[in-house]
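Q: Following this message is one structure expressed as structure tokens.
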């Protein structure tokens, strides 16, 4: 990412947008997500965060006039139904209005990160935008995260835990955001965001293969709905 930052194609008028992207896609998204999951049930949080593709498609339609169409709308609805079936089959914990609102805020933040970033990618490389947005978002998170770092027993962490930390930082944030913007730079928002519905499906499939989850009828139906929704929307 450093190379992308050094060869930045960002112009003077773009930096305000990059700051917003850093706040939407990193600072607000992760902060609201953590606080939301802490205050509501995992099922509620997962469903509300899964609304992000729906919100992104609506914003793209309102702001850019990006066409949706009946087939793509049906695919979005079917995919979201599949997510609901997957995450609600084993939902436990008490829900709260505050936690639900925070989770919905995280969903909206990611939708804005997606839609606002789309226009910038017309004149800037995904690597440059992702690099600076990530750095800005991380800096804004430091006041919230640094105090908690003092409570971590760093010397007690195992090699596997260090690898997991590296994966969560470099893999699920930096690399994932880069790949996300690379896809957005090449096709319509509605086509890209639908793949978010695959996240709970993939995670649950891994859990089933690892013996941590049981394959149930609702899980199977949810998987079929998610895959069918993505396939339907991509034929639009």
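Q: Quick check: is even one residue across segment 89-97 in contact (Cβ under 8 Å) with a residue 24 or more places away in the chain and part of a helix (DSSP H, G or I)?
A: No.
Q: Closer than 30 Å to residue 125 by Cα, surrounded by fewer than 22 Cβ atoms within 10 Å (Cβ to Cβ) and at pLDDT below 90: does that describe residue 41?
A: no
Q: Here's something else I'd like to know. For segment 140-169, what are the residues that are in contact (Cβ under 8 Å) with a residue 60 or more places away in the chain and within 30 Å of residue 11 (Cβ to Cβ)?
A: 140, 141
Q: Hey, can you tell me all the residues within segment 56-72 that are more than 19 Å from residue 113 (Cα to Cα) and surrounded by 16 or more Cβ atoms within 10 Å (Cβ to Cβ)?
A: Correct list: 68, 72.
Q: Evaluate the following for residue 228: is it assigned to a helix (DSSP H, G or I), touching a helix residue (DSSP H, G or I) at 6+ places or on another chain (Cβ under 7 Å) and surrounded by fewer than 20 Cβ atoms within 10 Å (Cβ to Cβ)?
A: It is true that residue 228 is assigned to a helix (DSSP H, G or I), touching a helix residue (DSSP H, G or I) at 6+ places or on another chain (Cβ under 7 Å) and surrounded by fewer than 20 Cβ atoms within 10 Å (Cβ to Cβ).
Q: Filter segment 49-78 down to residues that are at pLDDT 90 or above and under 14 Å from residue 225 (Cα atoms), then give me how many there are.
A: Residues flagged as at pLDDT 90 or above and under 14 Å from residue 225 (Cα atoms) within segment 49-78 amount to 0.
Q: Now, a different point. Looking for whichever is under 29 Å from residue 109 (Cβ atoms), at pLDDT below 85 and not in a helix (DSSP H, G or I) here; the options are 207, 236. Which one fits?
A: Answer to the selection: 236.
Q: Next up: If you take the residues of segment 1-16 that are in a helix (DSSP H, G or I) and surrounded by 17 or more Cβ atoms within 10 Å (Cβ to Cβ), which of them is modelled with the highest pLDDT?
A: 14
The values are calculated or read from the model by the stated rules, or taken from the named source; none is laboratory data. Keep in mind it's a predicted model, so treat the numbers as computed, not measured. For neighbour counting, all protein chains shown are included, and Cβ atoms are generated from backbone atoms with ideal geometry for every residue, glycine included.
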